[in-house]
Each structure stands twice: as C-alpha cells, then as structure tokens.
Amino acid sequence: MHTIYCVTNLSLSLVRSHFTSANFLGINISISGKGQIACDVHDKRKDFPFPVQRYPDMSSFIPKTMVYSVFLTLLDRFYKICSRPSSFLYHVLELSKTMMGKGCVLNKLIGLFVRFFRKKGRGSQIRWGNGMTFKKLLHKFRTFVLQLN
C-alpha cells in the first residue's frame, strides 16, 4: 500500500486570524458585526497569481448554445448563492464582461438574463425583497453592460 500512495504528515494551519467569514464550496459566508449572515460567490481561481482561462471562445468548435447555457447556469448559481442583489449584479456583470470578451453577443446575454428572471417569478418581487424588482435589476444590468460594450 505504501508504494502506491505517498504517506506524509499533514498539518492544518490557520489562514486567517479572524473568524467572521469562511469559504465553503464556492460560497463566501460572512457574519456582520450585527450578527447577520451574508453569502456571496467565492471564485478560488481569482486567488491564483496567474490568469485562468474559464470559458470557451465562441470561435471554438463547440456549439454556441453550450456557451450560452454556461451563462444561464451561472446566473442560477449566483442567484441561489448571493444574499444581496448588489452582489448578484456584480457577479453577473463580471461574467457578462468575460463572456463578451469570448465573443458572446450582448443582446443575446440580455435576452437570457430576461428569460432567466421571467422563469424565477414573472417579474414580481425577487427573492431578496427590499423593493428590488425585476425591472430595477434589469435596468441596472442593461446600464452597466452597455457601458462595457
């Protein structure tokens, strides 16, 4: 058995000195001074000292629908993880910028964003509450994405 697996002593070390946040399975969980729990997306690839290629280019030989399906899937992931609409919007805009850099069409991304939220609640109050409606979120998304283009 020792010839197949390398036997070493593993040690657990503390990376942070404060215990108000932790990263777990791609989620950053933090506790505010008031005791409120907030969740956000944690992308470990951003911690690397080198750029990581994340998504395929539209000029590759894979079907275009697969690239747009990745966008929809990540929208759903961000929606489920983020506890604040501003955090969700930040991650969606960052994703949109990356996808547009890979050759995705802006109007197609906006259309997918609209389709995603129509399925989530018919444009009524989004799960965050706080007066955030689909129309407000869509307006912010369009405003920021158009600035990227």
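Nothing in this text is a laboratory measurement; each read-out follows from the coordinates by a stated rule. Bear in mind that the values here come from a model prediction, so they are computed numbers and not experimental data. In this analysis, Cβ positions are derived from the backbone assuming ideal geometry, glycine residues included, and neighbour counts consider all displayed protein chains.
How many nm is it between the label spots at Arg115 and Thr143, if each spot is 7 Å from the Cα in line with the beta carbon?
About 2.7 nm separates the two model spin labels.
Would you kindly state how much longer the chain becomes between Asp76 and Ala38 on full extension, computed as 0.36 nm times their sequence separation minus their alpha carbon distance, in nm to one decimal?
Using 0.36 nm per residue and subtracting the Cα-Cα distance, I get 11.9 nm.
With a 10 Å Cβ neighbour count serving as the proxy for reagent exposure, in which order, fewest first, do Val52, Val105 appear?
Final ranking by Cβ density, sparse to dense: Val52, Val105.
Check cross-link reach from Lys34 to the lysines: straight Cα distance under 24 Å, and skip same-chain residues fewer than eight apart.
Cα-Cα hits under 24 Å: Lys80.
Exposure proxy check: Phe144, Phe117 ranked by fewest other beta carbons within 10 Å?
By the 10 Å Cβ count, ascending: Phe144, Phe117.
For Lys102, Lys80, what's the fewest-to-most ordering of other Cβ within 10 Å of each Cβ?
Lys80, Lys102
Which FRET efficiency value, to the nearest 0.05, is calculated for Met58 and Lys136 with the Förster distance at 30 angstrom and r the Cβ-Cβ distance?
0.50
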